[in-house]
1. Among the residues of segment 11-25, write down those that are at pLDDT below 90 and either in contact with an Asp or Glu (Cβ under 8 Å, 6 or more places away or on another chain) or aromatic (Phe, Trp, Tyr) (or both).
2. Against the condition at negative phi and surrounded by 15 or more Cβ atoms within 10 Å (Cβ to Cβ), how does residue 49 come out, does it pass?
3. Among (1) modelled with pLDDT of 90 or more; (2) open to solvent by 50 Å² or more (accessible area, probe 1.4 Å), there is one condition residue 37 misses while meeting the rest; what is its number?
4. Which of the residues belonging to segment 40-53 are touching a Gly at 6+ places or on another chain (Cβ under 7 Å) and not small (Gly, Ala, Ser)?
5. If I filter segment 58-65 for residues that are part of a loop (DSSP other than H, G, I, E, B) and at pLDDT below 95, do I get at least one hit?
Amino acid sequence: MIEKIIRHSWNVISGLFVLLLSLWLSGPGIAETDTPQHRWYFMLWFVLWTVGFILQFRPRTKWFGLFITLVPTLYYFISVLKAAEVISY
């Protein structure tokens, strides 16, 4: 029971995090021209997260799906920490 609560909480928090950052980064950035350039490849992180979310519904692939949802979340989390200069390489 507690495992389901933790997993569903993880899905809500990580899903919103990945969706918002994917939408923000795929939108038109600051460009020197008047035409906005959308970078739709950032939405692939949300697609990968969605695939992992769907895999969590099958008992056989539940842990693999959880791992797949972890990948885009960690990518954005590490990017945010690097941008805030909390970590440096």
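1. Listed by number, the list holds a single entry, 24.
2. Numbers: at negative phi: yes; surrounded by 15 or more Cβ atoms within 10 Å (Cβ to Cβ): yes.
Answer is yes for this residue.
3. (1)
4. 49, 53
5. yes
The values are calculated or read from the model by the stated rules, or taken from the named source; none is laboratory data. Please read all numbers here as calculations on a predicted model, not as lab measurements. Because the Cβ atoms are built from the backbone with ideal geometry, glycine has one as well, and the counts that use them run over all protein chains shown. Ligands, DNA and RNA are excluded from the accessible area calculation, which covers all protein heavy atoms including side chains. Shrake-Rupley method; radii C 1.70, N 1.55, O 1.52, S 1.80 Å.
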